[in-house]
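Just so it is clear, none of the values below were taken in a lab; they were calculated from the coordinates. In this text the structure is predicted, and so the values were computed from the model without any measurement. All Cβ positions, even for glycine, are placed from backbone atoms using ideal geometry, and neighbour counts span all protein chains on display.
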Amino acid sequence: MRRLETERLLLRGWLLDDLDDLFEYAQNMDVGVMQGWKPHESKEESLIALNSFIVNDESWAIVLRENNKVIGSIKTSPDENRGRYYAKYVSYVLSADYWGKGYMTEALNRILKYVFEELNIDLLSAFHYPHNTRSKRVLERCGFQYETTIKQGQKIYDGQVFDTVCYSILAEDYFKRVSPQTARITDILKKIVKERIEDGANEKAILTFPATALSFASISIFPG
C-alpha cells in the first residue's frame, strides 16, 4: 500500500497493533451514527473490522505523526456508476476527539493528490447523510461539488432509512484548484488537438506529446 504523508498526518496500511486505537473511536455512538454503522461493543467487533481493513489495499489508517496514534480511517473504492469515467468514491471516519481541527480536510486533500496525480482517475465521488454536516463541510473545503440527493438511499444498521447526499470532483476541477496555470495550459493544448483533428490530422500522432511539451508551454505561454 502507498504510504501518504501530510504536515501532521501519516496515511498508512492498518496493523494489528492498531486495535486499541480503532476500538477507542469506533465505540463512540456519535462516530458510528454519522457513518451508518453500529458502534462497536467489544474489541472482538473491532478486530473483525480491522482484519478487513488490513486486507484492503485502499483503506488507510489516519495516524497522528506527533505520537503515532490512529485517529481515523479513509478508504477509496471503485465507483461503478460513472459510465466512461475511471472513477472511485471515498469514505472516511474520524475520532470525535479530533473533530474541528482540520485533520480530515488534510487527509482528504492528500488522497485527492494521490488519486488524480498518481492513479490518474477522472472523478472522485463521496456520499454523506443529510445530518452529517461536518462531512459536507470537509467535502466543500476540498473542492467537491454537490450532485444530487438520493431519496431514502440507504438503510443503516438499526433499520432507519436516510437520504444519501452525493458530491464529486472531476480531475480537471482538481487541477484548476491546485494549479490554475497548468489547467490553463491543458485547456489550450486540448483546443489545439481538437482543431487539428477537425482539420484532418492524425489523432494518435497529435495526442502523443513529448514529455517536455507541458513544461515548454508553461515557459513560452506564461512567462514569469
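Structure data summary
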{"quantity": "Inter-label distance, nm, simple model (7 Å from Cα along the C-beta direction), residue 105/residue 163", "calculated": "2.5 nm"}
{"quantity": "Average Cα contact separation per residue, the range 1-99, under 8 Å, 6 or more apart, as relative contact order %", "calculated": "28 percent"}
{"quantity": "Cα→Cβ-extended label distance, 7 Å offset, between residue 5 and residue 17, nm", "calculated": "1.8 nm"}
{"quantity": "Residue-wise HN-Hα coupling along the range 49-63, computed from phi with Karplus coefficients 6.51, -1.76, 1.60 (Hz; x: Gly, Pro)", "calculated": "5, 4, 4, 5, 5, 4, 7, 9, 7, 10, 10, 9, 7, 9, 10"}
{"quantity": "Likely footprinting exposure, 166, 142, fewest C-beta neighbours within 10 Å first", "calculated": "166, 142"}
{"quantity": "Cβ-derived FRET efficiency at R0 41 Å, residue 42 paired with residue 178, nearest 0.05", "calculated": "0.45"}
{"quantity": "Least to most buried among 157, 174 (fewest other Cβ within 10 Å first)", "calculated": "157, 174"}
{"quantity": "Efficiency of FRET from Cβ geometry, residue 197 and residue 57, R₀ 35 Å, rounded to 0.05", "calculated": "0.35"}
